[in-house]
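Only the coordinates and a few stated rules stand behind these numbers; no lab work does. Everything numeric in this text was worked out from a predicted model, so none of it was measured. Cβ placement follows ideal geometry from the backbone for every residue including glycine, while neighbour counts extend to all protein chains displayed.
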Amino acid sequence: MRNFFPALLVGLLLPCMLGAQTTPRIFCGNELLSDLLADQYPDLAESIEATFDQAKQMQAGPRTTLTIPVVVHVVWNQPEENLSDELIEAQIQVLNEDFNRMNADTGNLRSMFEWVAGSADIQFELVATERIQTNTLFEIDLLSGNLIPEVKHTEDGGNDAWDTDSYMNIWVCHIQPITIGPIVLGQILGFAFPPNNLGNWPPDSGAPNPAEDGVVIDYRVFGPDNPYPLEIPGGTGNLVVKGRTPTHEVAHYLGLRHIWGDGGTFGPNDCDQSDGVDDTPFASSESAFDCDITKNTCTGIDDFYGLDMPDLVENYMDYASEDCMNMFTKGQVEIMRNVLTGPRSGLLETTAVLSPESERLTWTISPNPAADLITIRSAKPFDASAILRVHDGLGRPVHHQSLQDGGEMVNISVMDWPSGVYTLVLSEDSNSSTQKLIIHR
């Protein structure tokens, strides 16, 4: 992507300084990516259309739960950027709640849209967190142009991805403001690449390097109730952070577009653009990080509902306030599931959770299923860094324990754990392994 960013990126951002846009913007990096592809490389844009349409038209398989293994890379410069394990685990819980419509604020959806709200039956399983201290500042350079690929490469001050076909990699870092000289133009909260599995991409068009596939999130919008505020440009207060920016970006990773159809980066479109989803109402512009339920930017247009519907500001793919977002539609759900069973099916085939270039951890759980007590046995003594983490079926942490240095066995009481399926992650330094445990009484 680096080879075609510069000229167009300057063209997109200069109106912020010269036109009606007088204050910096906060936005998702996919908005820039969309315009780059559509304006500079129409063939590339058409192939993304083909991927998207292919995902829409695939026959959905049985509605079993699909599990995505997640590796979080915390690439930090200042201490506050080195987010805690608790905040990371809380973010995984938000993803599991949002994608399975188990979020506590589902009742805030307007009744006219309740019948199209859907659960994706997609589960996120945190298999490793890698922390890298860096001196690199991750800036979008308007001269060379990029979407900070440095954060994804160890040699450039970031951290190399785990196999991007097998794991969803999320990089958390401080994304620097977009500037020209001393002028701040805006702040990107995060970005993710949609799937790219087609052979008709133009040569040298800047398709993402496989090693750079994944999701990037600014550290200030990662996790619910993040303690590090991000101020909204124009002095209107701090951004509300509930962990919904990662929900939004992961949905991009699974093939969804912005709900207004990405018609224009710095202005409304003409209501002819669509996000490709039938059950989302037409919209010509994004929300302004608010929750304006009176907003109807495409008046007089009958859509899937047979009515002139207001904008669906509660949807995760808008730019509404994070405490307003609360749903995906059934149409969006089918696209994400079809992408996950199609172009991103490698994520579903991961059976061994193993860091690159590391030795496999060999251990057992017995009994399994269990009712009151389990025993963890390792094929070799635990080292001083050994930690066991346990998550329930929603990805919520239920147990965290450092294991005895030199020991090979540990007993754990599970009497207080409700019946269900649990994920146990045993890690030593950068080496991790995951197993499932069933509690049945």
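Assuming R0 = 30 Å, what is the FRET efficiency of Asp416 and Ser84, from their Cβ-Cβ distance, to the nearest 0.05?
On the way: r = 24 Å, r/R0 = 0.81.
Rounded to the nearest 0.05, the efficiency is 0.80.
In what sequence do Phe289, Phe191 fall when counting other Cβ within 10 Å, fewest first?
Details: Phe289 18, Phe191 23.
Final ranking by Cβ density, sparse to dense: Phe289, Phe191.
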Would you list which lysines come within 26 Å of Lys380, measuring only between C-alpha atoms, while excluding same-chain residues fewer than 8 positions from it? Lys436
Between Ser432 and residues 5 or more places away or on another chain, which pairs have amide H atoms under 5 Å apart, with H built 1.01 Å from N, and which residues are they? Ser355
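Which length gain, in nm to one decimal place, applies between Thr299 and Leu137 when the Cα-Cα distance is subtracted from 0.36 nm times their residue separation?
Details: separation 162, 0.36 × 162 = 58.32 nm, distance 4.40 nm.
Answer, rounded to one decimal: 53.9 nm.
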Ranked by Cβ crowding within 10 angstrom, fewest neighbours first, how are Cys173, Cys271 ordered? Cys271, Cys173
Compute the Rg to Rh ratio over region 363-439 from the alpha carbon atoms, using the Kirkwood formula for Rh, and round to two decimal places. 0.94
What is the sum of charges, Lys and Arg at +1 and Asp and Glu at -1, for the other residues whose Cβ falls under 15 Å from the Cβ of Ala371? -1
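How much length, in nm to one decimal, is gained on full extension between Ile183 and Asp308, taken as 0.36 nm per residue of separation minus their Cα-Cα distance?
Working: separation 125, 0.36 × 125 = 45.00 nm, distance 4.08 nm.
Taking Ile183 through Asp308 to full extension adds about 40.9 nm, to one decimal.
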Once Lys and Arg are counted +1 and Asp and Glu -1 for all other residues with Cβ under 10 Å from that of Lys330, the total becomes -3
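Given a Förster distance of 25 angstrom, what is the FRET efficiency for His400 paired with Asn368, based on the Cβ-Cβ distance and rounded to 0.05?
Details: r = 20 Å, r/R0 = 0.80.
It comes out at approximately 0.80.
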Surrounding net charge for Glu408, when Lys and Arg each add one and Asp and Glu each subtract one, Cβ distance under 9 Å: +2
Starting at the first residue of region 113-124, write each ³J(HN,Hα) from the Karplus equation 6.51 cos²θ - 1.76 cosθ + 1.60 with θ = phi - 60°, in whole Hz, x for Gly and Pro. 10, 4, 6, 9, 5, x, 9, 7, 6, 10, 10, 10
Would you order Arg244, Arg131 from fewest to most other beta-carbon atoms within 10 Å of each residue's own beta-carbon? Arg131, Arg244
